[in-house]
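Working notes, beginning with the structure itself.
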Amino acid sequence: MRLSRYFLPLLKETPAEAQIVSHRLMLRAGLIRQEAAGIYAWLPLGIRVLNKIKEIVHEEMNRAGAIEILMPTLQSADLWRESGRYEAYGKEMLRIKDRHDRELLYGPTNEEMVTEIFRGYVRSYKSLPLNLYHTQWKFRDEVRPRFGVMRGREFLMKDAYSFDIDKEAARKSYNRMYVAYLRTFARMGLKSIPMRAETGPIGGDLSHEFIVLADTGESQVFCHSDLLDMPIPGEDTDFDGDLEPIIKSRTDLYAATEDVHDQDRFEAEVPEGKRLSARGIEVGQVFYFGTKYSAPMKAVVAGPDGKEVPVEMGSYGIGVSRLVGAIIEASHDEAGIIWPEPVAPFDVALINLKSGDAATDAACEDIYARLTKAGVEVLYDDTDERPGAKFASMELIGIPHQLIVGPRGLKAGVVEVKNRATGAKEELSMDAAVNRFAPA
Ligand code: 5CA
């Protein structure tokens, strides 16, 4: 992408309304624009990151055996009357009437709708286990939307729903999502810790929140510090096998959110030097709630003995848009964002230090063409801004690698490669620099 043809609206001033660093940087780097309280438009750089995060989430969902669908944002109020949640959900639910005065709502979550889909087709335990997921915009009329995409009113969530014949099978489905979540967040460069949690309006009696530690997080959490350094299950994890040992190695150690925290137990179970009490960002939550929706909504299947039973269910959410903020909270410096490679909006920033200089332009065009052809995503700054301004912009938007090309270097036959995270610089020949990002 040529910067001269791109839409990258950067802000010079620090927006006064933004209280935390990720919100400030998302506005300054031109990722989002607020359209109403807690409602954001995603600008070109922002949507690229959002899509990369979504892609990783989907890859790990698929690996764990979940199947993608897409449910609508608008739902019928009657569906929610069946589960009893239409009244119970209260003011957080955005209620809408269509031209025929039919009551609709903008979905805050999809337990009812996915249960309705399930009961429309599935009759036998032989079709189980089943896990259906989608990534869709949600609306929750939060009292205090704040911190940008961290607590929005409209936000993007991946939500998965599992269906099983009995509790034991449902536990296995829960474990699959738990392990998939460990992998998902690690792939984005985040250290997430699963913690016992309250179930809130989703219901049920087993739940974990996946927490990324950050001083600006909204959750107060308590855990054994060894949980920060646990191994991440590999790509070869057998999701049909026994995942219980992986779960147990973590649940054996104390980890709880504020709502379920027990200080006496914390002190009894965790040695003093290992007690971590910190702030965190909830990037995902998993729930097991048995027949809370399937029983009232009559989502039943015939078991092996022919008798009909309501299915055992769980639901599993990831805050896809919140993750953009969480990743920035975890990875930035004074100058701006430092994207972990897997979620970076571009792989390489190509900086032309002297646009209009024939030799420099030719070298940049050649590098740009070769990298692009090799599938490397390059943002090429071909504008005639001054070098200082170009550097500052690239530091702000945080592309992991910078390839800097100027007349002086070219005379000596070199270009400069700079790592955004470490600041390390190297001088390489043009070919070596291209090979670094697009190995022949
Ligand atoms: N149905 C269940 C799981 S599918 C559910 O809705 N769970 S949730 O309420 O915990 O939301 C899932 C994830 O969405 C949360 O872990 C959080 O990361 C994200 N999330 C929730 N509310 C917001 C919000 N207001 N703004 C941004 N992200 C949010």
Anything in segment 141-155 that is under 18 Å from the mean Cα position of the chain (by Cα) and within 8 Å of the ligand (Cβ to nearest atom)? List them, or say none. V149, M150, R151, G152, R153, F155
Is one or more of the residues making up segment 5-24 part of a strand (DSSP E or B) and modelled with pLDDT of 95 or more? no
Taking segment 271-309, which residues are of a type in the set (V, I, T), within 17 Å of L130 (Cα to Cα) and assigned to a strand (DSSP E or B)? V286, V300, V301, V309
Pair list, Cβ under 9 Å, 6 or more apart: segment 129-147 residue closer than 25 Å to P310 by Cβ, other residue charged (D, E, K, R) and more than 10 Å from the ligand (Cβ to nearest atom): P129/D164; P129/K172; P129/R176; L130/D164; N131/R176; L132/E68; Y133/E68; H134/E68
Looking at segment 276-290, which of its residues are more than 16 Å from the ligand (Cβ to nearest atom) and surrounded by 16 or more Cβ atoms within 10 Å (Cβ to Cβ)? L276, A278
Can you list residue pairs whose Cβ atoms sit under 6 Å apart, with the first residue in segment 268-287 being over 24 Å from R187 (Cβ atoms) and the second being of a type outside the set (D, E, K, R) and open to solvent by less than 40 Å² (accessible area, probe 1.4 Å)? Count only pairs 6 or more apart in sequence or on different chains. E269/Y254; V270/H224; V270/Y254; K274/H224; K274/S225; S277/F222
Only one residue in L396, L403 is part of a strand (DSSP E or B) and either of a type in the set (A, V, I, L, M) or open to solvent by less than 50 Å² (accessible area, probe 1.4 Å) (or both), so which one is that? L403
Of (1) free of Cβ contacts under 8 Å to residues at least 24 places away in the same chain; (2) within 16 Å of the ligand (Cβ to nearest atom), K97 satisfies every one except (2)
Is there any pair with a first residue in segment 198-213 that is closer than 18 Å to N110 by Cα and a second that is basic (K, R) whose Cβ atoms are under 6 Å apart and which are 6 or more apart or on different chains, and what are they? G203/K292
Condition first: among the aliphatic types (A, V, I, L, M) and either surrounded by 20 or more Cβ atoms within 10 Å (Cβ to Cβ) or under 16 Å from A37 (Cα atoms) (or both). Now tell me which residues in segment 131-172 satisfy that. V143, V149, M150, L156, M157, A160, I165, A170
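The values are calculated or read from the model by the stated rules, or taken from the named source; none is laboratory data. The model shown is predicted, which means the values in this text are computed figures rather than measured ones. Note that we place each Cβ from the backbone using ideal geometry, even for glycine, and neighbour counts take in every protein chain shown. These area figures cover heavy atoms from the full protein model, side chains too; ligands, DNA and RNA do not enter into them. Shrake-Rupley method; radii C 1.70, N 1.55, O 1.52, S 1.80 Å.
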